[in-house]
Amino acid sequence: MSGGFTRISNVLLDCHLADLTGGEIKTHLYVNRRTAGFQKASDDISVSQICNGIRKHDGTVLDRGTGLSRETVITALAGLQQKGLVVRTPGAGTIPDSYTIVELEQSENPTDSGRKIRPVASRKT
C-alpha cells in the first residue's frame, strides 16, 4: 500500500461492529487513526477536529475529519466510552480532551444473546 495504513482491531470488527452506530464507527475510526495510526497510545483531539478535520497553520489539510455534526460526535464519543471502546481524559482550559482506544482482548467471544456466532461454511459452486 503506497498510502500507508492504520490497524483496526479484529475484535472490534468481529465482536462490536454490529452494536455500533454509524457515528460511533466513524468516530472510532478517526480516533484510532489519530492515535494508533501515529503510533501513539492517546492524543488530544477536539470535537471540532473529529467533525471537520485538521489543517496546518499554512492551510494544508492533514485530514477531513468524519463529516459528522458536533452533536453526533458528542453522542458517539459517549456511546464509545459507555461500551468501553474509548477512554476520555478531560483536557484543561484550551487543551482538548485526550482519547485512547481501548485494546480489546482476543478472548472476547462474539455473541448474540449468549449464542456463539459461527462462520458461514463456504459453498462449492
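Quick notes on this structure:
- Computed label-point distance, nm, for sites Ile25 and Phe38 using a 7 Å Cα→Cβ extension: 2.6 nm
- Rounded if a/c under 1.5, otherwise prolate or oblate - region 1-97, Cα gyration tensor axes: oblate
- Dipole axis of region 19-65 (+1 Lys, Arg; -1 Asp, Glu on Cβ), positive-most option in Ser46, Thr60, Asn32: Thr60
- Spin-label pair Ile95/Ile54, simplified geometry with 7 Å Cα→Cβ offset, distance in nm: 1.6 nm
The numbers here are math on the coordinates, done by the rules we state, and not lab data. As the structure is a prediction and not an experimental result, all values here were calculated from the model. As a convention, Cβ positions derive from the backbone with ideal geometry for all residues, glycine included, and neighbour counts pool all protein chains shown.
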